[in-house]
Every structure is written in structure tokens, then in C-alpha cells.
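Structure record follows, encoded as C-alpha cells.
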Amino acid sequence: MRRLNLLGVFAVAVLLLLLSSAPVLADEGEEGANFGGLAAFGVALIFTGTAYYALTKRRLFIEHRKGEPGIVVRPERPYITVFGPVYPMTIHHTFTVIGTLLALAHFATCTDYSTIGGGAGLGMAITLVLLNISGFYGRYIHIRIERTARKSEMRALKRLVVLLRRWKVFHVALVVVFLILLGVHLATVGD
Ligand code: HEM
Ligand code: HEM
């Protein structure tokens, strides 16, 4: 059993993400900085926050428990237990909001939306804002479900669970739209 320092792991992850956005940062300067590197880092944060939530929720090979920061690795499932002071949903929420703000900083410095890449960028900005609004609404449904379950109001609970299921289809559909636009954007900008 091995316990690693969570802060150290986080620092390495941030460093790797910064390194991965370095080539884009280096490309700027020639034709005016558009903070493309910042957007790349923001998108990486969004992916990290979402993947961490999705993986720990399923507990297939990584789980999250509240407690003093640290990581325990063991040979049997779920293999990795991460201890942290906050819930994975809070990580999802925080990383996606910060990532969105970084991507929007890049968006705000752009001026040409008439190209395919620019149009995809505009579409992504709208999708990201909708995703965040939708996310807060999803959290609100979660809170209502918890309250209703505590009061054992079974009919209201059933209605809320159906609402959560429908909301989630919408939330994930927005993610799919975002990924398609990101693919178009990355394939067409800088041509
Ligand atoms: C991995 C993430 C991203 C990278 C690496 C990236 C990179 C770039 C690059 C290199 C350009 C061309 C800049 C130029 O020609 O001077 C550009 C343009 C643009 N990007 Fe991004 N981008 C990313 C994500 C986003 C996101 C998430 C949005 C929207 C929220 C966005 C919106 C735009 C817009 C609207 C333009 C058009 C700029 C113009 O021609 O004025 N980008 N991007
Ligand atoms: C760019 C922004 C975002 C992206 C790409 C994103 C992506 C996702 C994805 C893919 C899932 C499904 C995870 C799974 O079940 O495996 C999810 C779930 C969820 N997200 Fe987001 N999200 C974003 C922003 C937010 C924000 C800002 C919040 C909260 C304020 C939020 C709240 C939630 C909630 C409550 C769930 C569902 C919880 C559940 O019932 O399992 N999301 N998100």
C-alpha cells in the first residue's frame, strides 16, 4: 500500500497540461495573441474535471473518499483511492467553470467569426455557457432529490428522478456538440 502526496500529483498534472499547451502558446505572437494556449489549458481543465467525476462515480478503477489529501494504490479493485477535502462533483463544477472562463478569455480576444474555425469558436462559446447554466440546474435537481428523499415523498421523488434523467441527456448532448465543434475548430484554425 502506497500513500502519495495529492498536491504533488496535482502539481505534476498541471505541469503536464501547461507543457501540452506550450506549442500553441509559442505559435502566438506572430499574428497577434489570441490566448489559444489559455483555451487549450481551459479545455484540458474541463476534460480533467469531467473525467475525474465520471471515473470516480463508476468506481471501476478509481474511487474518491473525503479525508486528508492522499492517494492509496492497491492491487485489487478499484485499485486507486484518492482522498480529498471536496467531493468529485465540486471538482467537476470548479474545473469546468474555471476552464470555461479561460476558454472565454481566448474567445473575447477573437474578432473574426466568419471563417469555419471562427464560427465553430462562436458555437463553442455559446455551448460552454449553456453547459454551465445546465450544470447549475443539474446541481439544483440533485439538491431537491436529496431533500425530497429525506422527507420520503415518493411521488415527488419519482418525478425528480425522471427530470434528472432527461436533464442529463441534455447536458451530455451539449458535450457532444462541444466536442464536434472543437474538432472542427482545431482542424481549421491556423490554416
Ligand atoms: C484546445 C482549445 C483551443 C485552441 C488550441 C484554440 C486555438 C485557436 C487558434 C490558434 C486560433 C487562430 C488565431 C489566429 O488566427 O490568430 C483560434 C481562433 C479562434 N478561436 Fe480558438 N482555440 C481553442 C478553443 C477555443 C474555444 C473553446 C473557443 C470558444 C469558446 C474558441 C474560439 C475561437 C474563435 C472565435 C476564433 C476566431 C479568431 C479570429 O480569427 O479572430 N477557441 N483558436
Ligand atoms: C464545460 C462544462 C461541462 C462539461 C463538459 C460537463 C460534462 C459533464 C458530463 C460528461 C457529465 C456526465 C458524467 C457521467 O455521468 O459520467 C456531467 C454530469 C454532471 N455535471 Fe457537468 N459538465 C460541465 C459543466 C458543469 C457545471 C458547471 C456543473 C455544476 C455547476 C455541472 C454539473 C453536473 C452534474 C450535476 C452532473 C450529473 C450528476 C449525475 O447525476 O451523475 N456540470 N457533466
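Scanning segment 120-130 for residues that are near ligand 1 (Cβ under 8 Å from one of its atoms) and either open to solvent by 30 Å² or more (accessible area, probe 1.4 Å) or modelled with pLDDT under 95 (or both) returns a single hit, Leu122. Taken as a whole, the condition of being in a helix (DSSP H, G or I), of a type in the set (Gly, Ala, Ser), open to solvent by 30 Å² or more (accessible area, probe 1.4 Å) and within 16 Å of ligand 1 (Cβ to nearest atom) applies to Ala187. Within the set Arg139, Arg147, Arg165, the sole residue that is of a type in the set (D, E, K, R), within 12 Å of ligand 2 (Cβ to nearest atom) and surrounded by 12 or more Cβ atoms within 10 Å (Cβ to Cβ) turns out to be Arg139. Counting only residues that are in contact with a Ser or Thr (Cβ under 9 Å, 6 or more places away or on another chain) and open to solvent by 50 Å² or more (accessible area, probe 1.4 Å), which one in segment 54-85 is farthest from Gly118 (Cα to Cα)? Filtering first and then ranking leaves Arg74. Please tell me if Thr56 is among the hydroxyl-bearing types (Ser, Thr, Tyr) and either more than 18 Å from the chain's Cα centre (by Cα) or more than 19 Å from Leu131 (Cβ to Cβ) (or both). Yes, satisfied. Considering segment 35-53, and only residues there that are under 24 Å from Thr81 (Cβ atoms) and crowded, with 21+ Cβ neighbours inside 10 Å, the residue that is nearest to ligand 1 (Cβ to nearest atom) turns out to be Leu45. Taking Ile133, is it near ligand 2 (Cβ under 9 Å from one of its atoms) and open to solvent by 100 Å² or more (accessible area, probe 1.4 Å)? Taking the combined requirement at face value, the residue satisfies it. In this structure, Glu153 does not satisfy being open to solvent by less than 80 Å² (accessible area, probe 1.4 Å) and farther than 30 Å from Gly37 by Cα. Do the conditions hold for Phe178, that is, is it open to solvent by 30 Å² or more (accessible area, probe 1.4 Å), within 17 Å of Tyr53 (Cβ to Cβ), within 11 Å of ligand 2 (Cβ to nearest atom) and in a helix (DSSP H, G or I)? Answer is no for this residue.
For beta carbons closer than 8 Å, sequence separation of 6+ or different chains, a first residue in segment 61-82 that is not assigned by TED's automatic domain parsing to the domain that holds Gly49 and a second that is hydrophobic (A, V, I, L, M, F, W, C), there are no qualifying pairs. If only residues of segment 93-114 that are open to solvent by 70 Å² or more (accessible area, probe 1.4 Å) and β-branched (Val, Ile, Thr) are counted, the one that is modelled with the lowest pLDDT is Thr111.
The values are calculated or read from the model by the stated rules, or taken from the named source; none is laboratory data. These figures come from a predicted structure and were not determined experimentally. All Cβ positions, glycine included, derive from the backbone under ideal geometry; neighbour counts span all protein chains shown. Just the protein is used for accessible areas: all its heavy atoms, side chains included, with ligands, DNA and RNA removed. Shrake-Rupley method; radii C 1.70, N 1.55, O 1.52, S 1.80 Å.
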